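S.K.: Let me begin by handing over the structure; questions about it come next.
The values are calculated or read from the model by the stated rules, or taken from the named source; none is laboratory data. Keep in mind the model is a prediction, meaning the values are calculated, not measured. When we count neighbours, we look across all protein chains shown, and the Cβ atoms used for this are built from the backbone with ideal geometry, even at glycine. These area figures cover heavy atoms from the full protein model, side chains too; ligands, DNA and RNA do not enter into them. Shrake-Rupley method; radii C 1.70, N 1.55, O 1.52, S 1.80 Å.
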Amino acid sequence: MKDSMTPAVRMMGHTQRGQCAKRMSILDAAADVFCRQGFAAASIDEIAAVACVSRQTIYNHYREKETLFVAVVEDVMNRANAMLFSVLSTFPDSADDLEDGLTAFAVRLNKNCICNHDGKFLRKLVQTEGERYPHLFEGWRQQGPGKLTTALSALLARLTHKQALAIDDFDVAARQFVALANADLQMMTLFGGTPSNEELEKAARNAVRTFLKAYGRPKAEKAGGEPQLAAIPG
């Protein structure tokens, strides 16, 4: 089959792909430098060196350092949200082996959304630059943690409807689940550490067991009967 594109159209396609690749290289380099140096100390010259482009190329794309910073945060937030909804799609859908299912979900949530590079990057920027860019990070709060608890509350409501859980306030339960899942890892991630798989598993198991003590249903109640009490020796 003959190529119907003219040389000019092909050249335009190559140029657009090249511009897109260059833009992504700049964003990745800027994210690295902003994360290490903070906004004030980060320099366009260092970002250009990391991205292997000229200083002028960065200004051609983003005009100034602040525009580049906003673009970096928005790019990381978009990537983090895509991963978040991918993890949410793996939430357990039945009461079978609920402890194991919720534990595996909590491990994925921490590993891929909270303790990963993007999660740590956003938390660090909120701590260091939140006062300078309150509107930007309020958007992150609504799009990131806000979307997580909203989606998670709907998933918990579904399990409650199936009588796998006993929850009255799904929003509160969702916030508590996330807080419990991160409780044993908070100090480590605060100082930039990355938990091992064993630490992720232990933290998730502790969180889920505590959560189910508050919201789990006794097995007999799930089956439609009355909870069975142990006989008292006479």
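S.K.: Nearest 0.05, what FRET efficiency do Thr210 and Gln127 give at R0 = 35 Å with Cβ-Cβ as r?
M.R.: Here the calculated transfer efficiency is 0.80.
S.K.: Ignoring ligands, DNA and RNA, what percent of the accessible area of the range 38-177 is carbon or sulfur (1.4 Å)?
M.R.: 51 percent
S.K.: So, R0 is 35 Å and r is the distance between the beta-carbons of Thr67 and Phe191; what FRET efficiency does that work out to, to 0.05?
M.R.: Details: r = 31 Å, r/R0 = 0.88.
Efficiency, rounded to the nearest 0.05: 0.70.
S.K.: So, one more: In nm, to one decimal, how far is the Lys202 label point from the Ser86 one, both placed 7 Å along Cα→Cβ?
M.R.: My value for the distance between the label points is 2.8 nm.
S.K.: Taking the Cα-to-Cβ direction at Arg36 and at Arg55 and moving 7 Å from each Cα, how far apart do the two end points lie in nm?
M.R.: 1.9 nm
S.K.: With every protein chain left in place and a probe of 1.4 Å, what is the accessible surface of Glu198, to the nearest 10 Å²?
M.R.: The accessible area comes out at roughly 130 Å².
S.K.: Using the Cα centre as the reference, give the magnitude of the dipole from point charges on the C-beta atoms of the range 108-216 (Lys, Arg: +1; Asp, Glu: -1; all else neutral), rounded to the nearest 20 debye.
M.R.: So the magnitude is around 240 debye.
S.K.: Now for a separate question. From the phi of every residue in the range 183-195, what ³J(HN,Hα) in whole Hz does the Karplus formula 6.51 cos²θ - 1.76 cosθ + 1.60 yield, where θ is phi - 60° and glycine or proline is x?
M.R.: Working through the residues one at a time gives 4, 6, 10, 4, 5, 5, 6, 4, 9, x, x, 10, x Hz.
S.K.: Continuing with the same structure: As a quick test, which of the pairs Lys162/Lys213; Lys120/Lys202; Lys111/Lys202; Lys65/Lys147; Lys22/Lys65; Lys65/Lys124 have an alpha carbon distance above 23 angstrom in this structure?
M.R.: Long pairs (Cα-Cα over 23 Å): Lys65/Lys147.
S.K.: Express the accessible area of the range 46-198 per residue in Å², computed with a 1.4 Å probe while the remaining protein chains stay in the model.
M.R.: Heavy-atom SASA per residue in the range 46-198 reads 52 Å².
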